[in-house]
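Chemist: Mind having a look at this structure? Questions to follow.
The values are calculated or read from the model by the stated rules, or taken from the named source; none is laboratory data. Being a predicted model, the structure only gives us computed values, none of them experimental. Counting neighbours? That spans all protein chains shown, and the Cβs are built from the backbone with ideal geometry, glycine included.
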Amino acid sequence: MELSPETTWKDTPWAWVGEESLVDHQTCARLCVATLLPFKDGQPDWAGFERSIRWMIACAEEYQIEIVFVLNADTGYIFNLSTELYREVIQRFRNLFPDQKIICGTTAHGAVGETFQADWYRPHLEIAQEFQNVEVMLMTSRQLNVLGAEKRRDAYFAILEHVEVPAIVHALEPSFVPWATPFEPWLLRELAGHEKVTGGKISTLEEPHFLYWTAMCQDLGLDFAPHSGDDYGIASAIRMGQASLIGAGVSACPLICAAKRMWIEDGDGRFDTRAYKVFEAIQSLEDAVFRLDENGSAAAYKQSTAAVLELLGLIDSHEIHPDCPDRRPADELSRMKEALARPVRMAESLGIPGFEGIK
């Protein structure tokens, strides 16, 4: 169909495609984990950082799932990091895991005023691209997001002039930040056609934009990989054989890896239907981790994620970055312990390792 910058999703056929028509039992797409940077006594907890990553690698190896670690994105406090700490996170990770693929979040570092400047992305891009086996995620920013569709496209293209590695674009809904707006279908097609853009992430909690993206990309045959950022709809990406790029990949890593493998058909066309129950267990946990606060925001999920890792004995504290305002109430540990009850019971029932030893 003809698309214009004014075309809305509801004006397209892709907004009316049922998920059941996109089900894929053959493709076990990658799990990109928006990695938590833990804190203790106001400083990064590097030992906990390493333990949590080794735990997730073990989960992925158990089920032969491709796992990619996303560093310095929202779960890694990108909006609170100095350039020195931004670099240190990547350097420490690369020293520990020299062959592991990573995706580095980049955003408008030091942005001021109302006029967008592509050069704001250069400090993060230049650091990230010093390292090997790296992709970059072009995270949205307020001055970029407020642009109309055509100017927004041109702004992304200006950023991409500084990109030398595979790039993932990123759209948000307002549940994460109040000024965010998802991509229009015209803008998504324009970005998907850029030679440096290999895929995109849509962080969504309210409208099924990931479903729209998947239907559109398949229908038009776009060489573009949608990555789900829907922490309220994790099972959808698994059922459609699509990649995920989610903070929930930390707290629910054992169950997500198991569910992805269970969904794949064997040689006789059968799959493990217990995956449906695992889907339910995953979502029961993440509904608590990503619960909305009184302002309708899920941004404090970072502290809930840290509480889960503390209960698992992987990190020592569920502190957050000292400059981050997204905080949970004082009883978060007990709330997350309650939220873990069902996932832990499901993991024990199915022999899924990784949730042992809850404090």
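Chemist: Residue check: is Q26 under 30 Å from R270 (Cβ atoms) and either at pLDDT below 95 or of a type outside the set (D, E) (or both)?
Modeler: It is true that Q26 is under 30 Å from R270 (Cβ atoms) and either at pLDDT below 95 or of a type outside the set (D, E) (or both).
Chemist: Now for a separate question. Against the definition (under 21 Å from the mean Cα position of the chain (by Cα), surrounded by fewer than 16 Cβ atoms within 10 Å (Cβ to Cβ) and not in a loop (DSSP other than H, G, I, E, B)), how does A47 come out, yes or no?
Modeler: Answer is no for this residue.
Chemist: Looking at region 3-49, which of its residues are of a type outside the set (G, A, S) and in contact with a Phe, Trp or Tyr (Cβ under 7 Å, 6 or more places away or on another chain)?
Modeler: L3, P5, T7, W9, W14, H25, V33, T35, L37, P38, D45
Chemist: Quick check on T7: is it touching a residue at least 24 places away in the same chain (Cβ under 8 Å), of a type in the set (V, I, T) and over 22 Å from N72 (Cα atoms)?
Modeler: Against the criterion (touching a residue at least 24 places away in the same chain (Cβ under 8 Å), of a type in the set (V, I, T) and over 22 Å from N72 (Cα atoms)), T7 qualifies.
Chemist: Suppose we filter G200, G193 for residues that are of a type in the set (G, A, S) and closer than 30 Å to L309 by Cβ; which single one remains?
Modeler: On the way: G193 fails: closer than 30 Å to L309 by Cβ.
That would be G200, the only listed residue that is of a type in the set (G, A, S) and closer than 30 Å to L309 by Cβ.
This table checks each residue for (1) under 19 Å from S251 (Cα atoms); (2) among the hydrophobic types (A, V, I, L, M, F, W, C); (3) in contact (Cβ under 8 Å) with a residue 60 or more places away in the chain.
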residue	(1), (2), (3)
P44	yes, no, no
I57	yes, yes, no
E62	yes, no, yes
L71	yes, yes, no
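Chemist: Which pairs turn up if I take residues in region 82-95 that are closer than 15 Å to T35 by Cα and without any contact (Cβ under 8 Å) to a residue 24 or more places away in the chain and look for partners that are among the basic types (K, R) and loosely packed, with under 15 Cβ neighbours inside 10 Å with beta carbon separation below 8 Å, at least 6 apart in sequence or on another chain?
Modeler: Short answer, once both residue conditions are applied: none.
Chemist: Taking the condition in contact (Cβ under 8 Å) with a residue 24 or more places away in the chain, touching a strand residue (DSSP E or B) at 6+ places or on another chain (Cβ under 6 Å) and small (G, A, S), does S284 pass?
Modeler: It is false that S284 is in contact (Cβ under 8 Å) with a residue 24 or more places away in the chain, touching a strand residue (DSSP E or B) at 6+ places or on another chain (Cβ under 6 Å) and small (G, A, S).
Chemist: While we're here: Determine if region 108-115 includes at least one residue that is touching a Lys or Arg at 6+ places or on another chain (Cβ under 9 Å), in contact (Cβ under 8 Å) with a residue 40 or more places away in the chain and over 21 Å from H227 (Cα atoms).
Modeler: No, the conditions are met nowhere in region 108-115.
Chemist: How many residues does region 292-323 contain that are in contact with a helix residue (DSSP H, G or I) (Cβ under 9 Å, 6 or more places away or on another chain), of a type outside the set (G, A, S) and within 21 Å of F79 (Cα to Cα)?
Modeler: Within region 292-323, residues that are in contact with a helix residue (DSSP H, G or I) (Cβ under 9 Å, 6 or more places away or on another chain), of a type outside the set (G, A, S) and within 21 Å of F79 (Cα to Cα) number 10.
Chemist: Going residue by residue through region 38-55, is there one that turns out to be in contact with a Ser or Thr (Cβ under 6 Å, 6 or more places away or on another chain) and at pLDDT 95 or above?
Modeler: Within region 38-55, one or more residues are in contact with a Ser or Thr (Cβ under 6 Å, 6 or more places away or on another chain) and at pLDDT 95 or above.
Chemist: Quick one: L3 ticks every box in (1) surrounded by 14 or more Cβ atoms within 10 Å (Cβ to Cβ); (2) assigned to a helix (DSSP H, G or I); (3) out of contact with any strand residue (DSSP E or B) (no Cβ under 7 Å at 6 or more places or on another chain) bar one, so which box is it?
Modeler: Among (1) surrounded by 14 or more Cβ atoms within 10 Å (Cβ to Cβ); (2) assigned to a helix (DSSP H, G or I); (3) out of contact with any strand residue (DSSP E or B) (no Cβ under 7 Å at 6 or more places or on another chain), L3 violates only (2).
Chemist: Additional query: In region 293-324, how many residues are surrounded by fewer than 15 Cβ atoms within 10 Å (Cβ to Cβ) and modelled with pLDDT under 95?
Modeler: 4
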